[in-house]
Amino acid sequence: MADISKKLTLKYCGARSLEDCEVIAESSADVIGFVFAESKRKVTPQQVKRWSAVLPERMKKAGVFQDQPITEVVNAARMSGMNIIQCHGSEEPHQLLQLKKQSGLIIFKALKGNRDLVMSMKKYEGSADGYIVDSVKDSAFGGTGIAFDWSVVPEAVKEANRQKVPLLVAGGISAGNAASLLSYSPDGIDVSSGIEDEEKKCRSRIQLLERVIREYEKCERAR
């Protein structure tokens, strides 16, 4: 049985317009993510600063970066009011520590969802405040809209618990498969394309996903 005693962290990533932010602001999301790395969802700190006016105070903001200079990351995070910096490239542990020292923010490390996952987590122990586990397709890491083999998640959750940090799962999550993923007991889920329709965040898809999550948790409590 999944552990539902802990609150699931719900992160919606890849907001790229004021309209996206307005839709997510109405949701149950704990975290909204903005992509500052090269991507079709890339936004600027100036845009995010403007859009943030519609977000509730309770909602944390995470900025996705990939192998960018530390000064650039810190400046963008400060200008846009990020609470979390998500490193999605080949950043080394010492770079994460530098980022944390210079920004004073929470630092998450994105890792590939494969058989080396736990080994990778051990490498970043003490430098990462949490992990995002994502899928890889060809040379693309993250933002692929496909799921990885979730059978690696339970051992990764154990390792995250040992390190006393959260572990969120990303990659190809939607209302259609969310219940299956939740049975592996991640600390949270990170959804982007699964809540989009024609590359825009979609109220109905978000509502359906959140309904699935509530029903799953209700069924687990009844067991």
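The values are calculated or read from the model by the stated rules, or taken from the named source; none is laboratory data. Just so it is clear, the structure is predicted and the values come from calculations on it, not from any experiment. Methodologically, a virtual Cβ is constructed for each residue, glycine included, from the backbone with ideal geometry; neighbour enumeration extends over all protein chains shown.
Pick out the one residue from Gln102, Gln95 that is modelled with pLDDT of 95 or more, touching a Cys at 6+ places or on another chain (Cβ under 9 Å) and either closer than 29 Å to Arg58 by Cα or surrounded by fewer than 21 Cβ atoms within 10 Å (Cβ to Cβ) (or both). Show your work before the answer.
Working: Gln102 fails: touching a Cys at 6+ places or on another chain (Cβ under 9 Å).
Every option except Gln95 fails the conditions.
As a summary of the residue check, Arg221 satisfies the conditions (1) over 18 Å from the mean Cα position of the chain (by Cα); (2) closer than 28 Å to Ser17 by Cα except for the one numbered (2).
If a residue must be of a type in the set (Val, Ile, Thr) and within 13 Å of the chain's Cα centre (by Cα), how many such residues does segment 107-136 contain?
Pass one, segment 107-136, residues of a type in the set (Val, Ile, Thr): 107, 118, 132-133, 136.
From the residues that got through so far, the ones that are within 13 Å of the chain's Cα centre (by Cα) too are 107, 132-133.
So the answer is 3.
Screening segment 168-198 for residues that are in a loop (DSSP other than H, G, I, E, B), under 18 Å from the mean Cα position of the chain (by Cα) and not hydroxyl-bearing (Ser, Thr, Tyr) and picking the one that is surrounded by the most Cβ atoms within 10 Å (Cβ to Cβ) gives Gly171. Candidates are the residues of segment 199-223 that are among the hydrophobic types (A, V, I, L, M, F, W, C) and without any contact (Cβ under 8 Å) to a residue 24 or more places away in the chain; the one that is surrounded by the fewest Cβ atoms within 10 Å (Cβ to Cβ) is Ala222. For segment 31-67, the set of residues classified as surrounded by fewer than 16 Cβ atoms within 10 Å (Cβ to Cβ) and either in contact with a helix residue (DSSP H, G or I) (Cβ under 8 Å, 6 or more places away or on another chain) or modelled with pLDDT of 95 or more (or both) consists of Lys42, Thr44, Gln46, Lys49, Arg50, Ala53, Val54, Pro56, Glu57, Arg58, Asp67, listed by residue number.
Got at least one residue in segment 61-70 being within 18 Å of the chain's Cα centre (by Cα) and under 19 Å from Pro186 (Cα atoms)?
Within segment 61-70, one or more residues are within 18 Å of the chain's Cα centre (by Cα) and under 19 Å from Pro186 (Cα atoms).
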